[in-house]
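Derivation of every value follows stated rules applied to the coordinates shown; laboratory data play no part. Keep in mind it's a predicted model, so treat the numbers as computed, not measured. Every residue, glycine among them, receives a Cβ derived from its backbone with ideal geometry; neighbour counts consider all protein chains shown.
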Amino acid sequence: MDYSTNDSKSTSKNKVVAVVGGGLTQSTLSQVGALNACYFAKRGFQVEVFESREDIREAKIVKGRSINLALSHRGRQALKQVGMEDTIVSKGIPMHSRMIHSLNGTQSPIPYGKKGQYILSVDRANLNKELLSAAETYSTTKLNFAHKLLNWSTETGAMTFLRADGAKEEIQADLIVGCDGAFSAIRKQFLRQSRFNFSQTYIPHGYLELTMPPINGEFAMKPNYLHIWPRNTFMMIALPNLDKTFTCTLFMPFDEFENVTTGDQVIEFFQKYFPDTIPLIGADALKRDYFRLPAQAMVSVKCSPYHLSDKCVLMGDAAHAVVPFYGQGMNAGFEDCLVFNEIMDQLNEDFSAVLPEYTRVRVPDDHAIADLAMYNYVEMRSHVNSKWFLFRKYVDNTLHMIMPRTVIPLYTMVTFTRIRYHEAVKRWHWQDKVINQGLLCVAASVVGGSYLLVRYPPNMPNISIEQLWTRLQALKSPF
Ligand code: FAD
Ligand code: EGU
């Protein structure tokens, strides 16, 4: 009997897994495909990665910008499983707190939590390079760049690729893992299936990235912070880079972007909303860089199921693009790989059982983080200025301090734990109820108490403050 398990194991090792998506895009860089290549290679599969772009490690200059993102617990746990956590963390910059910039230039730090609770600013390009190189250390992994997926057959599983030389190539695999981003070509075949759910929503905001250079060879602002300028409809965020620059991301409705068309208007706009950043970015650089690229759109995509028979599975943005207002898109995509890996262990790599189980387990969680990110977007743009942001985080953290086990702030569950996203949402609703009921009780006793005091004034003996004080002291004294 033992032989059969051994047999099935050894045959599974000859199976080919095709990971579609793995290299770089300008706006985003595929991280999830590169990580997945590591996971499947580690399990002993023959891994073929197909990426429509050229090899990022050989590309001369990455057109566009060096962008960074926030890596937190879920992403780190997923990296750890393939032995990549330390490599990535060593090149990340810890951010222990947010730094809230008020309109008048005041800066207020708000810690993320206790000492060990910080997030990391990591370079997208470096993360991608490291993961691809790690995947390549397995002799069973082959990276195919300049291979653009055109179509695939749900009947046979055969994929058609367009190569750089214009030729088409047909490739067969035992499992197709779609990690080809928010506009996934793999997902197109899912759309033709009955009972496949799909929705996509563009938000009215766009984003634009600006670089804040070092001053005298040093960071222009405190480095170990996630800098935030909350201005209701406008918001800017800045994350530090290893080269001592900051990448600032400006979020603003497309309508407003259209209103700013000249360099002078840019300065005028920044003077009004982000005056403290003008000398740091530099007025001339600001006028120039603002128009370097048009504002980029942000989309939220939800779908289900994530698998098609035992042939194909979606992960990362291909399965769930989320708006960036929780800093979780890539972290969630990495956790997809980790969850899939756990299910592969549980169900002995039997794709016909693993794929439906992955859908069953993962859809509720990915939908929950998509909803949370959208909720936070709506909240931030509707009434979040710096005072409100400071107040809310203060209330959250204080309640957590008073009742550390009962009240855990939502961002803490999302950012620093692996509590399933949908469980975090449930707990959050429950906490809200408890807090509201607590407040209601306090309010009721204050109102009721005052009423009773007015209605039935107590017959207080006429004693002086001094006497009251001695009595109070007497109460405290054990004798
Ligand atoms: P992608 O990065 O989109 O990669 C898809 C890959 O597939 C690309 O390399 C592409 O070239 C390739 N591809 C596409 N079509 C084909 C085809 N037909 N054939 C072959 N290959 C193909 N997440 C965080 O966790 N923290 C953050 O702080 C954060 N900040 C963000 C800020 C902004 C402004 C934005 C927009 C997003 C942010 N995210 C963040 C989200 C994060 O960028 C994405 O979730 C993550 O990059 C998704 O990775 P992916 O590999 O699934 O998809
Ligand atoms: C947006 C763009 C602060 C990188 C959400 C916090 C983000 C990031 C927050 C981007 C915010 C917003 C959280 C983290 C993180 C906060 C978080 C957002 C990284 C609720 C590169 N968000 N982001 N929440 O709490 O949990 O600090 O582009 F402004 S990291 Cl919108 Cl923790």
How about residue 15: which lysines have a C-alpha closer than 17 Å to its C-alpha, ignoring those fewer than 8 places off in the same chain? 42, 142, 311
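Could you sort 169-181, 222-234 so that the peptide with the highest average Cβ count within 10 Å comes first and the rest follow in order? Walk me through the numbers before you get to the answer.
Details: 169-181: 22.0, 222-234: 18.9.
Highest to lowest by the protection proxy: 169-181, 222-234.
Apply the a/c threshold of 1.5 to the C-alpha gyration tensor of the stretch 302-343 and tell me whether it is rounded, prolate or oblate.
On the way: a/c = 3.37, a/b = 1.53, b/c = 2.20.
It is oblate, given that a/c is not under 1.5 and a/b is not larger than b/c.
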If you line up the long axis of helix 386-402 against the longest principal axis of the chain, both from Cα atoms, how many degrees apart are they, to the nearest 10? 80
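Working from the pairwise distances between different alpha carbons, so that the mean of 1/r is found and then inverted, what is the chain's Kirkwood radius in Å? All intermediate terms of the calculation are to be shown ahead of the outcome.
On the way: mean 1/r = 0.0399 Å⁻¹.
The answer is 25.1 Å.
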Rounded to the nearest Å, the spacing of the alpha-carbon centers of the stretch 147-183 and the stretch 233-273 is 39
What does DSSP give for the chain in terms of the percent of beta bridges that are antiparallel, rounded to the nearest 5? 75
Sketch the reach of a paramagnetic label on residue 284 as a point 7 Å from Cα along Cα-to-Cβ, and name the residues of the stretch 187-221 whose backbone nitrogen lies under 11 Å away. none
Just to compare against my own numbers: the Cα pair-distance distribution for the stretch 409-462, 10 Å bins, whole % per bin, please. 22, 26, 19, 15, 12, 7, 0
Shape of the stretch 130-169, Cα gyration tensor, a/c cut at 1.5: oblate
Given R₀ = 51 Å, FRET efficiency for residue 401-residue 170 by Cβ-Cβ distance, to 0.05? 0.25
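What is the gain in length, in nm to one decimal, between residue 200 and residue 115 on full extension, counting 0.36 nm per residue of separation less the C-alpha to C-alpha distance? Present the calculation step by step, with values, prior to reporting the outcome.
Values: separation 85, 0.36 × 85 = 30.60 nm, distance 3.86 nm.
Contour length minus Cα-Cα distance gives 26.7 nm.
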Relative contact order for the stretch 286-339: what is it in percent, counting Cα pairs under 8 Å that are at least 6 residues apart? 29
Helix 421-455: inclination vs the chain longest Cα principal axis, degrees, rounded to 10, gives 10
Gain on full stretching of the segment that runs from residue 104 to residue 292 - 0.36 nm per residue minus C-alpha separation: 64.8 nm
Under a point-charge model restricted to the Cβ atoms of Lys and Arg (+1) and Asp and Glu (-1), what is the dipole moment magnitude of the chain relative to its Cα centre, in debye to the nearest 20? 1260
Let me know the charge dipole size of the stretch 391-438 about its Cα centre in debye, to the nearest 20, where only the beta-carbon of Lys, Arg (+1) and Asp, Glu (-1) is charged. 120
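Quick one: plug the Kirkwood hydrodynamic radius of the stretch 302-445 (C-alpha pairs) into Stokes-Einstein at 25 °C, 0.890 mPa s, and report D in µm²/s.
144
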Could you order the peptides 277-286, 432-441 from most to least packed, using the average number of other C-beta atoms within 10 Å per residue? 277-286, 432-441
For the stretch 324-381, evaluate the Debye formula with one uniform point scatterer on each Cα (no solvent term) and list log10 I(q)/I(0) at q = 0.12, 0.23, 0.28 Å⁻¹, rounded to two decimals. -0.35, -0.85, -1.06
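By average Cβ neighbour count within 10 Å, what is the ranking of 319-325, 199-205, 414-420 from highest down? Before the final figure, lay out the partial values.
Values: 319-325: 25.3, 199-205: 14.7, 414-420: 18.7.
Sorting 319-325, 199-205, 414-420 by mean packing, highest first, produces 319-325, 414-420, 199-205.
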At 0.36 nm per residue, and after removing the present C-alpha to C-alpha distance, how many nm does the segment from residue 353 to residue 137 gain when stretched out fully? 74.8 nm
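If R0 is 45 Å, what FRET efficiency do you get for residue 445 and residue 244 from their C-beta distance, rounded to 0.05?
0.25
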Residue 339: net charge of surrounding residues, Cβ under 13 Å, Lys/Arg +1, Asp/Glu -1, itself excluded? -2
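Can you figure out the FRET efficiency of residue 232 with residue 54, using R₀ = 30 Å and their beta-carbon distance, to the nearest 0.05? Don't skip to the answer; put the middle values down first.
Numbers: r = 41 Å, r/R0 = 1.37.
According to the calculation, E is roughly 0.15.
Can you classify the stretch 90-144 as rounded, prolate or oblate using the Cα gyration tensor, where a ≥ b ≥ c are the square roots of its eigenvalues, rounded means a/c under 1.5, and otherwise it's prolate if a/b beats b/c and oblate if not?
Details: a/c = 6.06, a/b = 2.79, b/c = 2.17.
In terms of gyration-tensor shape, prolate.
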Debye calculation, C-alpha points only, no solvent: report log10 I(q)/I(0) for the stretch 89-227 at q = 0.18, 0.20 Å⁻¹, in the same order as the q values. -1.17, -1.28
Nearest 10 degrees is fine. How inclined is helix 124-136 to the longest principal axis of the chain, computing both from alpha carbons? 40
